[in-house]
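Worksheet for the structure shown next.
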Amino acid sequence: MFLAPFFGVLTGWVLLDEPLKLSLVVGGLFIIAGIYLVNRNFS
């Protein structure tokens, strides 16, 4: 669910040959970091 935007951009880049800009890469890293922070165990 949370990775849908990430895979949407990735699919557009691979299949539709859309340009991959730095802002999209940074946004993808923020998505991955957010998912990591939500799912990690705080002990």
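The values are calculated or read from the model by the stated rules, or taken from the named source; none is laboratory data. No experiment lies behind these values; they were computed from the predicted model shown. No Cβ is skipped: glycine too gets one built from the backbone with ideal geometry, and neighbour counts run over all protein chains shown.
I need a count of the residues in the range 9-35 that are of a type in the set (Ser, Thr, Tyr) and touching a helix residue (DSSP H, G or I) at 6+ places or on another chain (Cβ under 7 Å).
Residues flagged as of a type in the set (Ser, Thr, Tyr) and touching a helix residue (DSSP H, G or I) at 6+ places or on another chain (Cβ under 7 Å) within the range 9-35 amount to 0.
Can you find, within the range 1-28, the residue that is modelled with the lowest pLDDT among those that are in contact with a Gly (Cβ under 9 Å, 6 or more places away or on another chain) and closer than 21 Å to residue 39 by Cα?
2
Show the residue pairs meeting these rules: Cβ distance below 9 Å; 6+ apart or different chains; first residue within the range 1-13 and free of Cβ contacts under 8 Å to residues at least 40 places away in the same chain; second residue of a type outside the set (A, V, I, L, M) and in a helix (DSSP H, G or I).
What qualifies is 2/34; 5/27; 5/28; 6/27; 6/28; 9/27; 9/28; 10/28.
Take the chain and flag every residue that is surrounded by 12 or more Cβ atoms within 10 Å (Cβ to Cβ) and over 11 Å from the mean Cα position of the chain (by Cα).
12, 13, 18, 20
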